[in-house]
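The values are calculated or read from the model by the stated rules, or taken from the named source; none is laboratory data. All of these numbers come straight from a predicted model, not from anything done at the bench. Every residue, glycine as well, gets a Cβ built from its backbone with ideal geometry; the counts of neighbours run over all protein chains shown.
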Amino acid sequence: MMKRSIWCLLIAVLLFAGCAAPAEKIALLSEHEGGIVPINDKAVADYLELPFENSLSFLKENAYQKTGEAHDSQNVILSWEGGDAPYTISISEHPDLTDAQVWTSSRKNLQTGIFYPEAVYYWQVTDANGNSSEIGSFTTGAGRRLITVRKTVKADGVQNVRDEGGLKAMDGKTVRYGLLYRGGLLEFQGSVYSHNVIDEYGLDAMNRLGIRTELDLRNETDCGGQTASPLNECMYVRYPFTGYTSIFPSSAYTDSRFEDTQSTESFHEIFSLLADPASYPVYFHCLIGQDRTGTLAYLILGLIGVEYEDIVRDYELTAFSRVGSMNRASSFNFSGETTVTQEQAFTALHETMMNCYGTESGLLCDAVANYLTTECRITEEQISSIRGILLKNE
């Protein structure tokens, strides 16, 4: 009798197991299954594709100050269906998911912004019960590597972050990705810019980039008391200057303009740092990543052979962020005496560089090198080192 009861119980258990609901399948949605995903949204993509002479009129109609819509984040959104939250999302450049980066999400989608343009990625979603999807794949489209450092494009947090990689440079080379980042402030000890400081989400995003040096271009009056980087294992240095034509000695002018005498010493320290491979990846910023950051980007990118029009186009990407003004149409006092547009200030920076430091080659890279060696005590060996670090063959 006992044996019969045991057999009945076993049969019941087996029947119950057979009737139990199967694990819910997790399906990756089709638009990211092997397809090409735009890395930039339409506004930025259209801007990058326009001829340079048409870009100013486009900016006037599509900049944040005109539309109230920011576009300084990546456009890649991964979605899936099925399974139970929370979800673990593994993303790798390898089909077997080796060296995968891992995120978690309570929703059935993920927008993360550290993808490279024109790269193939493989991904898989695992739910709270350990059920996993198939491994899917997608390819990112061409464009600029804007870095998403906020949960959504409308959220508070660090603004206007991008990788300077991918730009065409001298001798048929391109700027390496993942070494040189520019953007807005990370920390400010005060209320004025509190909505732009880094939060927990931003810390995770920035730490994934492996930044080794935070290069702060602010001065004593606007650095907000920052003395250390919030990023993991990251050196913090601050070398202030004013920007635009103030970086040149007064002897370079035929009219009266402001000379920031600390500029050349700051650039000596900055470019000495950039000549050291151990400094990278570097994140450089001022308050919003526009004027002083744009001036330093002009010098770095010009030194390694990026064309002037491409530098200006990069500079103006700030206009798509919440913090950026429509630079080439807004008033700006850069001389202490004359109010001009920032287009005129940036143009004056370039014209002064070429007029005062240009060489027979007529190349911007040679003019910037001449300025750095003549005024900032940077050596030819350091310049060669910077170019070797930041450039790669296509």
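For region 88-110, a residue qualifies if it is touching an Asp or Glu at 6+ places or on another chain (Cβ under 8 Å) and on the phi > 0 side of the Ramachandran plot, and exactly one does: Asp99. For the residues Gly157, Gly113, the requirement of being on the phi > 0 side of the Ramachandran plot and under 19 Å from the mean Cα position of the chain (by Cα) singles out Gly157. For region 102-125, state whether one or more residues are without any contact (Cβ under 8 Å) to a residue 60 or more places away in the chain, closer than 17 Å to Ile36 by Cβ and either assigned by TED's automatic domain parsing to the domain that holds Phe320 or of a type in the set (D, E, K, R) (or both). Checked region 102-125: at least one residue is without any contact (Cβ under 8 Å) to a residue 60 or more places away in the chain, closer than 17 Å to Ile36 by Cβ and either assigned by TED's automatic domain parsing to the domain that holds Phe320 or of a type in the set (D, E, K, R) (or both).
Is it the case, given these coordinates, that Gly82 is over 18 Å from the mean Cα position of the chain (by Cα), surrounded by 14 or more Cβ atoms within 10 Å (Cβ to Cβ) and not hydroxyl-bearing (Ser, Thr, Tyr)? The answer is yes for Gly82. Taking every residue in region 62-87 that is within 30 Å of Val125 (Cβ to Cβ) and pairing it with any residue that is in a helix (DSSP H, G or I), at least 6 positions away or on another chain, the pairs with Cβ-Cβ distances below 6 Å are Ala70/Tyr64; His71/Ala43; His71/Val44; His71/Phe320; Asp72/Phe320; Leu78/His32. Within region 36-58, the set of residues being among the aromatic types (Phe, Trp, Tyr), within 17 Å of Ala70 (Cα to Cα) and over 18 Å from the mean Cα position of the chain (by Cα) comprises just one member, Phe58.
Just one of the numbered conditions (1) closer than 16 Å to Tyr181 by Cβ; (2) touching a residue at least 24 places away in the same chain (Cβ under 8 Å) is not true of Thr264: (1).
In region 31-52, the qualifying residues are those that are part of a loop (DSSP other than H, G, I, E, B) and touching a Ser or Thr at 6+ places or on another chain (Cβ under 6 Å), and the one that is modelled with the lowest pLDDT is Gly34. Within region 232-246, the presence of a residue that is surrounded by fewer than 17 Cβ atoms within 10 Å (Cβ to Cβ), of a type in the set (Asp, Glu) and at negative phi is excluded. Candidates Val125, Val120: the one that is of a type in the set (A, V, I, L, M) and closer than 21 Å to Tyr177 by Cβ is Val120. Residues in region 75-90 that are among the hydrophobic types (A, V, I, L, M, F, W, C) and either touching a strand residue (DSSP E or B) at 6+ places or on another chain (Cβ under 7 Å) or not assigned by TED's automatic domain parsing to the domain that holds Glu33 (or both): Val76, Ile77, Leu78, Trp80, Ile89. A Cβ distance below 7 Å, combined with a sequence gap of six or more or placement on separate chains, defines the contacts here; from region 170-181, residues that are on the phi < 0 side of the Ramachandran plot reach residues that are surrounded by fewer than 17 Cβ atoms within 10 Å (Cβ to Cβ) and among the acidic types (Asp, Glu) in the pairs Lys173/Glu394; Thr174/Glu394. Within the span defined as region 189-202, every residue fails to be hydroxyl-bearing (Ser, Thr, Tyr), assigned by TED's automatic domain parsing to the domain that holds Tyr280 and over 20 Å from Val323 (Cα atoms). Scanning region 371-394 for residues that are in a helix (DSSP H, G or I) and under 14 Å from Ile247 (Cβ atoms) yields Tyr371, Leu372, Thr374, Glu375. Screening region 313-328 for residues that are of a type outside the set (A, V, I, L, M, F, W, C) and more than 17 Å from Glu53 (Cβ to Cβ) and picking the one that is modelled with the lowest pLDDT gives Ser325.
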